[in-house]
Structures are given as structure tokens and as C-alpha cells.
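Okay, structure first, notes after.
FYI, it's all coordinate maths here, none of it is from the lab. These numbers come from a predicted model, not from an experiment. Quick reminder, even Gly has a Cβ in these numbers, built from the backbone with ideal geometry, and neighbours come from all protein chains shown.
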Amino acid sequence: MTWTCELTEARLSDYLDGLLSTDERHAFDMHVNACAHCVPLVAGVSHLLTGLRSIEQIEPPPQLVTLILNQTIGPRETKKGWRLAFGWLNALASARFAYSAVSLIATVLILLTASGFSLRKPKLADLSPVNIYRTADRQAHLVYARSTKFVSDLRVVYEIQSRLSKDNELPTTPETTMPQSAPGKAPGSTDGTRPATPNQQNRANGIGRELELLAMQVPLIGSALSGRLLGRRIP
Amino acid sequence: MAPGNFGVKLVTLAGFEADDTLEQDAQLVQQCLQGDGSAWEELVRRHTRRIFNICYRFTGNGTEAEDLSQDVFLRVYKTLGSYRSAHGGFATWMTSVTRNLLIDHYRRTKRDRITDSLEDAMPVVENKESVGRRPDQQLLLGELSHQVQTALTKLSPELREAVILRDLQQLEYNEIRQVLDVPEGTVKSRINRGRIELARILQQMGVRPS
């Protein structure tokens with residue numbers, strides 16, 4: 001593609017705005033780099049564009065908006081008296097402010113409750129740093145003890161459940177589970193001897209023994225279990 | 001010099017009318033037409049700075065720019081009912097009104113205008129965004145702004161408005177076509193001629209490429 005000085009001048013803005021095709025751009029560059037007449041032209045306009053884009057907007061005079069509004073919709077109502085004094089309250093009637101206020105109040109209430117301050121019987125002494133520290137310390141220890149006990153109880157329950165499930169999974173044979181009738185004895189009649197112990201009875205007795213062992217292993221609930229579970233003998 | 005490297009960044013210029021801005025402007029215009037004064041106030045606050053800058057860059061005079069900005073908003077307020085969002089964004093329409101008023105003003109004051117003097121220009125405050133710059137950069141930018149402003153006033157109004165809209169207001173070609181109401185080829189030609197002419201004026205003023 002043959003490029004000339006006239007073309008360079010005519011397409012200079014297209015070149016600087018990136019609107020030339022690859023071939024045109026290449027031809028433009030080849031010509032300008034070899035043409036002493038075009039180099040200052042391109043450099044000058046490039047410099048101008050860089051300068052123009054770095055120029056910042058000018059701030060209009062501060063009174064301009066007021067002047068325009070006065071000319072179009074007339075002078076705005078100026079607040080006087082109590083409206084001027086309490087006009088700032090209008091800014092508080094926004095959803096954002098209400099949300100912030102509710103969040104702040106909730107945070108203060110949580111902190112007061114945690115520090116042991118009673119809202120029903122408020123006392124000035126409750127707000128002293130020493131009392132707040134003591135109450136917070138007591139509450140922290142209480143929460144820790146409760147959580148420890150809760151975890152311990154959970155462990156016991158889990159142990160009981162696992163033992164029970166283990167016992168239920170014991171293999172059974174038809175000989176041991178099927179009731180055996182005595183030979184020569186009519187069904188439903190008794191022969192005066194001691195009746196055979198059912199397998200369910202054996203299993204319940206086994207659970208009772210397991211609980212006894214478990215109570216021995218866990219001293220925390222030993223007394224409770226021995227009082228409640230072990231005291232109630234399984235028949 | 002390496003091919004294709006003339007020290008200019010090929011920046012993709014974004015027009016002033018993003019989709020959300022278009023929607024917000026259209027909504028505010030509707031509210032204005034229903035008599036909502038606060039919507040009009042919001043429109044004025046959103047566009048004052050841009051309109052003032054166009055006026056200032058075109059006239060080179062702060063007082064004239066302030067008066068012309070008021071005239072623009074007054075005309076927009078009176079003719080707001082004629083605005084149709086289907087024909088383009090509100091900002092583009094407002095820029096058209098501004099451009100027409102500027103051309104009227106240019107013709108009206110042609111005889112008694114002194115184009116190469118900025119002595120009577122009111123002092124203007126540079127943008128607050130410039131606070132973070134170093135003092136030497138600030139000084140250079142302020143000097144460049146002054147030089148460019150002087151050179152702009154020596155351009156013909158057709159070329160001046162094209163350069164202002166493209167390179168100072170960063171409008172897209174199709175937006176400038178709508179504002180000037182001329183074909184896009186004419187817009188490109190005016191921008192190109194305006195840039196070359198402006199560069200020559202700056203060179204004559206002794207501003208050399210760095």
C-alpha cells in the first residue's frame with residue numbers, strides 16, 4: 001500500500017484513535033518514519049492529544065447552581081425559626097439510619113446483658129469496671145462448665161447407644177430363638193416344672209449388666225445411674 | 001522512533017452516557033414534567049459542571065461561561081417537554097442545546113470580540129481531583145490548560161466545537177454527530193482538521209512537543 005503525505009494528514013486522527021486497519025497502520029508507520037515532513041506533524045498532534053486528555057474539568061462557580069434554580073423554578077423556600085433549628089432531623093428519617101440505630105441498640109443490650117447489668121433492677125454499681133470484670137469472669141466460667149458437662153453427657157449417651165446397638169447385632173440361631181416345647185407335652189399345658197427363661201429376658205439382663213459396667217467407668221453420672229437405672233431392677 | 005510509537009496513548013474514550021445514567025436522566029425528566037422541583041434540581045446538579053466546561057472551553061471566559069450556562073438551563077427548562085428519549089440521551093440533547101446557544105452567542109458577539117485576550121477572564125478553580133498531584137505537575141497542567149484555552153479561541157467555531165466535544169468532553173463520534181447534526185464523515189474531518197490546526201497554533205505559540 002502506497003502512503004502519501006496527504007493521506008497522513010487526512011487519516012491522522014484515525015491513526016491516533018486506533019481506527020486504521022493493520023495494513024493501513026503499517027503503511028502509515030513506514031511512511032512517517034521515512035518522511036521528514038510528516039514526523040513533526042504527527043508528533044505535534046500526538047503531543048496535543050496527550051495534553052488535551054490530561055486537562056482536568058474546571059469547577060463551576062459555587063453559586064451557579066443556585067442562580068440556575070432561581071431562574072428556572074424560582075427562589076427556594078428558606079427555612080426559618082424552628083424549621084431551621086430542627087431541619088437536620090429530616091436526615092434521620094432514613095432506612096439506613098434506622099438500621100444503624102437498631103444495630104447499635106442491640107449491640108449495647110448484648111454487652112450490658114453479658115456484663116451482668118440488670119435492666120429490671122438497674123444499679124449504678126453494676127456499671128463499675130470491677131463489677132463488670134467479675135461478672136464477665138463468672139459468666140465465662142459458668143459457660144465453660146456448662147459446655148463441659150454438656151459434652152460429657154453427650155459422650156455417655158453415645159456410649160449407651162453404641163453398646164445397645166452392639167448388643168442388638170449379636171448373631172442369633174434358630175435353636176436359641178425358637179421356643180422349644182417339651183416332648184410329650186401338649187401345647188398350652190404345663191408340666192409343673194420351672195418355665196424356661198425367654199431370650200428377651202436374657203438380653204435385658206445383659207443390658208443391665210452393661211449399664212452397671214458403664215456407670216462404674218463414668219464416675220460423673222455413676223450416682224445418677226445407680227439411683228435411677230440400676231435401682232430399678234429389670235424383672 | 002519506533003514505528004507506531006508517537007507518544008500518544010490510544011485511549012478508548014467513553015461517552016458520557018452510560019446506560020444507568022441514561023435511565024436516571026430519563027426518569028428525572030419524567031418527574032420534572034410532572035412538576036417535581038427536586039428532580040429538576042437533581043438534573044441541574046448532575047449537568048452543571050459539564051455544561052459550564054463546554055461553555056468555558058468555547059468562550060475562554062469564565063463570566064461568559066457562567067451566563068451561558070444559565071441560558072442553557074433556562075432554555076432546557078422551557079423546552080423540556082420537547083425532549084424525546086427515543087432520539088438520544090438527555091445529555092446529548094442538552095449538549096445540542098448548549099452548542100446552538102454557543103453558536104448564537106459567537107455570531108452575536110463576533111464584532112466586539114477580542115479572541116486573543118484572556119485578561120478579563122474570571123479566575124477559575126481547577127478540579128478538586130488535582131489535589132493529589134505534585135506541585136510541579138500541577139503547574140505544568142495549569143500552564144498547558146491555559147495555553148490550550150488560548151489556542152482554542154483562535155480556532156474557527158466549527159473546528160473548536162468538534163475538538164472540545166471529542167477531546168475535552170470525550171464524546172463518541174456518533175454522539176458528536178447527533179449534537180452537531182452533521183454526517184459522521186464531516187465530524188471526523190472537522191476533528192482531524194481541528195487537531196492539526198490546534199497543534200500548529202500551539203507550535204506558533206512556542207509550545208513544543210516534549
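Structure notes:
- Most to least packed among A:2-11, A:141-150 [average Cβ atoms within 10 Å]: A:2-11, A:141-150
- Neighbouring Cβ atoms from other chains, within 10 Å of the Cβ of residues in B:41-53, number 4 on average.
- Note on A:Leu112 and A:Val143: their simple-model spin labels are 1.9 nm apart, each label 7 Å out from Cα toward Cβ.
- Residue mean of other protein chain beta carbons inside 10 Å, A:20-27: 1
- Average partner coverage of B:74-83, which counts Cβ from other chains inside 10 Å: 1
- Angstrom value of the Kirkwood radius, inverse mean 1/r, which spans all Cα pairs in the stretch A:5-54: 11.1 Å
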